Amino acid sequence: AYAEKGTRRPDPPSVLEATTRAAAALALEATGARRVVHGGRSMGGRIASQVVAAGERADGLVFLGYPLHPPGQSEKRREAHLPRIEAPQLFVQGTRDAFAREDLLLALLDRLAPRAELHRVAEADHSFAVRKRSGRSPEDVLAEVRAALLEWLDRHGL
């Protein structure tokens, strides 16, 4: 709701979680789909995972830049709820993501194995921006992320 209002300050977690639940319900009702995959970019993925960890149905979860911790504050991790999730999970993270220190992310994925997988986007930051000297355009990065997501969805029958 905060994005629709054009404000920068996110809504309280309860509103974000209710919105996530409503979006999933609407998607299932409107399409008649038999499966639902939750996810989002950054906070959207974290909120989706909290909803699923609290019992919302999910056949999969996709995280585009999961905010494992605030930049420079790796002791403030946002992962305690993730082991409660049984659905397959795909983490798409840039190798320069200040919100997910690599050693902590890899340790988390080890704890979540085998249901969690990682796709690393070389030289990308939290927003998947790459340095000009990488020779890759934003469109190149988007194509890579899209391909990784589609391959993961296909492999899991989602």
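The values are calculated or read from the model by the stated rules, or taken from the named source; none is laboratory data. From a predicted model like this one, the values you see are computed outputs, not experimental measurements. A quick note on method: Cβ atoms are made from the backbone with ideal geometry, for glycine too, and the neighbour counts reach across all protein chains shown. Note: accessible area is taken over every heavy atom of the protein model, side chains too, but ligands, DNA and RNA are not part of it. Shrake-Rupley method; radii C 1.70, N 1.55, O 1.52, S 1.80 Å.
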Would you mind stating whether A116 is touching a strand residue (DSSP E or B) at 6+ places or on another chain (Cβ under 6 Å) and touching a residue at least 24 places away in the same chain (Cβ under 8 Å)? yes
The correct count of residues that are within 23 Å of G44 (Cβ to Cβ) and either among the hydrophobic types (A, V, I, L, M, F, W, C) or surrounded by fewer than 16 Cβ atoms within 10 Å (Cβ to Cβ) (or both) in region 123-139 is 7
For region 87-106, pairs from a residue that is closer than 21 Å to A58 by Cβ and part of a loop (DSSP other than H, G, I, E, B) to a residue that is aliphatic (A, V, I, L, M) and open to solvent by 70 Å² or more (accessible area, probe 1.4 Å), with Cβ under 8 Å and 6 or more apart or across chains, are none
Taking G60, is it in contact (Cβ under 8 Å) with a residue 40 or more places away in the chain and within 24 Å of V145 (Cα to Cα)? yes
Counted residues in region 86-113 being open to solvent by less than 60 Å² (accessible area, probe 1.4 Å) and closer than 20 Å to R155 by Cα come to 10
Of those in region 62-71 that are of a type outside the set (F, W, Y) and closer than 22 Å to G157 by Cα, the residue most open to solvent (accessible area, probe 1.4 Å) is L64
Checking A107, A87, A54 in turn, the sole residue that is of a type in the set (A, V, I, L, M, F, W, C) and either farther than 26 Å from A23 by Cα or touching a His at 6+ places or on another chain (Cβ under 6 Å) (or both) turns out to be A107
Per the filter on region 72-85, residues under 17 Å from the mean Cα position of the chain (by Cα), open to solvent by 20 Å² or more (accessible area, probe 1.4 Å) and in contact (Cβ under 8 Å) with a residue 24 or more places away in the chain are R77, R78, E79, H81, P83, R84
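How many residues, within region 24-39, are on the phi < 0 side of the Ramachandran plot and buried (at least 16 other Cβ atoms within 10 Å of the Cβ)?
4
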